[in-house]
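Structure first, then comments.
Every number here is computed from the coordinates shown, using simple stated rules; none is lab data. None of these values were measured; they are calculated from a predicted model. All Cβ positions, glycine included, derive from the backbone under ideal geometry; neighbour counts span all protein chains shown.
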Amino acid sequence: MSEPTTTSTTQDKEPSNANNSKSEIISFCSRHSAGIEECLSRYKRKWYLTYSRAYGIAQPPGTRIVCSLNVPDEKVSEEHAKRHFWLNPETLYSAPYKPDDPDYATQKFISSPIHILLDAEPSIVRLTGRTRAEKSRARDAGGKQVACFEVEVTIPEEGLLRQCYYCLGWEDGTERYKPCGDDMFWCPRCESKGSLASGINSTFEKLTRDSLIPFLDRYSFPRDNLYNYS
């Protein structure tokens with residue numbers, strides 16, 4: 001009897017090295033996102049829905065985070081948390097996910113994270129079939145308990161949008177940011193300056209641009225920061 005033949009799969013061909021400059025950011029869209037392309041981002045156990053690029057007038061400068069998608073689960077392993085999360089987005093309103101509704105295919109739930117993620121093209125996540133109760137983080141829910149779906153991320157780690165830990169800049173698709181620590185990345189400019197100089201500049205910018213100036217000027221906003229982990 002002949003030995004079974006091993007067939008190479010798409011997963012086998014995915015780049016496994018986060019430094020791989022050929023790896024691409026994976027952006028997606030759905031009928032619920034009003035034509036705006038979005039991405040997934042992650043820091044440790046916390047997941048985010050992010051804009052794939054700066055949309056200018058739609059958001060203040062430095063804003064790329066649409067919303068955080070979950071409450072970090074410290075009870076699961078790090079490996080599990082890198083591929084799964086309990087979907088409980090911090091958003092303005094909550095909309096029920098009812099794909100069995102006969103009219104669902106024609107309905108639009110604009111800006112609803114659960115609908116954007118589960119109806120994304122290309123597909124980026126899938127439901128594991130598990131649910132659990134959590135206090136809703138949607139502002140219109142009043143903190144009531146809701147059933148949260150467990151989501152499995154199906155795109156490779158290299159497809160996530162990255163932010164520079166030091167200058168808080170975001171990838172723009174021209175060059176991938178490289179790792180500089182545990183789930184941390186830095187842009188080519190900060191990498192060329194080194195960690196000491198970049199760290200000093202980062203501290204100054206965060207104290208002034210993200211704290212003092214927004215405090216003094218109500219029309220100024222702090223920049224989005226994936227690394228504000230809570």
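With contacts taken as Cα pairs under 8 Å and at least 6 residues apart, region 21-161 reaches a relative contact order of 28 percent.
In what sequence do Leu216, Leu118 fall when counting other Cβ within 10 Å, fewest first?
Listed from fewest to most nearby Cβ atoms, that is Leu216, Leu118.
Neighbour counting of Cβ atoms within 10 Å sorts the residues Asp101, Asp119, fewest neighbours leading, into Asp101, Asp119.
Between region 169-185 and region 80-105, how many Å separate their Cα centres? Answer, in whole Å: 28.
When every Cα-Cα distance of the chain is counted in 10 angstrom steps from zero, the calculated P(r) takes the values 7, 28, 35, 21, 7, 2, 0, 0 percent. Just checking the listed ones, Asp140, Asp100, Asp172: in the Gaussian network model of the chain with Cα springs under 10 Å, the one fluctuating most is Asp100. Radius of gyration (Cα atoms) of region 66-123, expressed as a multiple of 2.2 N^0.38 Å: 1.31. Among Phe85, Phe109, Phe185, Phe204, the order by Cβ neighbours within 10 angstrom, fewest to most, reads Phe204, Phe109, Phe185, Phe85.
Give, as a single signed number, the net charge of other residues whose beta carbon lies under 10 Å from the beta carbon of Thr154, with Lys and Arg counted +1 and Asp and Glu -1.
Around Thr154, the charge tally is +1.
If the limit is 28 Å between Cα atoms, which of Lys46/Lys98; Lys82/Lys193; Lys75/Lys108; Lys98/Lys135 go over it? Pairs exceeding 28 Å: Lys82/Lys193; Lys75/Lys108. Multiplying the residue separation of Glu175 and Ser192 by 0.36 nm and removing their Cα-Cα distance gives an extension gain of 4.7 nm.
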